[in-house]
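**Student:** Questions regarding the structure given below will be posed in turn.
The values are calculated or read from the model by the stated rules, or taken from the named source; none is laboratory data. The shown structure was predicted, so the numbers you read here are calculated from the model rather than taken from an experiment. All Cβ positions, glycine included, derive from the backbone under ideal geometry; neighbour counts span all protein chains shown. Calculation scope for accessible area: heavy atoms of the full protein, side chains included, ligands and nucleic acids excluded. Shrake-Rupley method; radii C 1.70, N 1.55, O 1.52, S 1.80 Å.
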Amino acid sequence: MGKHYSKEEKLKAVQLFEGGKSHREITEALGIRDAWRTKKWMRAYREKGEAAFEKASRKGKGGRPPKKTNPQAYVARLEMEVALLKKFHTELRGKQLAVRNIGRFTSTEKSTR
């Protein structure tokens with residue numbers, strides 16, 4: 001897991017950058033692992049200001065937006081999954097019967113009658 005940096009640490013990095021320090025100098029001064037992290041913070045700060053560093057609440061404000069689902073595509077995907085599971089079940093059942101030496105799956109050779 002990566003380290004989470006506080007809002008204050010991120011704002012300090014922004015202040016240092018605006019003061020003329022490079023991303024590399026900032027990462028060394030603040031003990032940040034990667035320079036790309038500070039670049040990401042600068043971009044977010046330019047777009048949203050200090051609000052970019054606020055913790056998002058879990059009530060729909062942060063994170064990935066929900067996917068838009070097409071009902072027909074969803075049903076088609078479920079039908080495909082059911083067909084695949086039926087096929088898998090048939091193959092698995094056949095192997096189980098052959099191992100137990102019962103059922104119609106026991107003979108692997110042609111009948112000699």
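**Student:** What about A13, is it among the hydrophobic types (A, V, I, L, M, F, W, C), part of a helix (DSSP H, G or I) and at pLDDT below 90?
**Tutor:** no
**Student:** Considering only region 52-74, state which residues are surrounded by 10 or more Cβ atoms within 10 Å (Cβ to Cβ) and at pLDDT 75 or above.
**Tutor:** The answer is A52, F53, E54, N70, Y74.
**Student:** May I ask you to list the residues in region 81-102 that are at pLDDT below 90, in a helix (DSSP H, G or I) and open to solvent by 90 Å² or more (accessible area, probe 1.4 Å)?
**Tutor:** Within region 81-102, R93, K95, V99, R100 qualify.
**Student:** Taking region 16-38, which residues are assigned to a loop (DSSP other than H, G, I, E, B) and either free of Cβ contacts under 8 Å to residues at least 12 places away in the same chain or open to solvent by 100 Å² or more (accessible area, probe 1.4 Å) (or both)?
**Tutor:** G19, G20, K21, S22, G31, R33, D34
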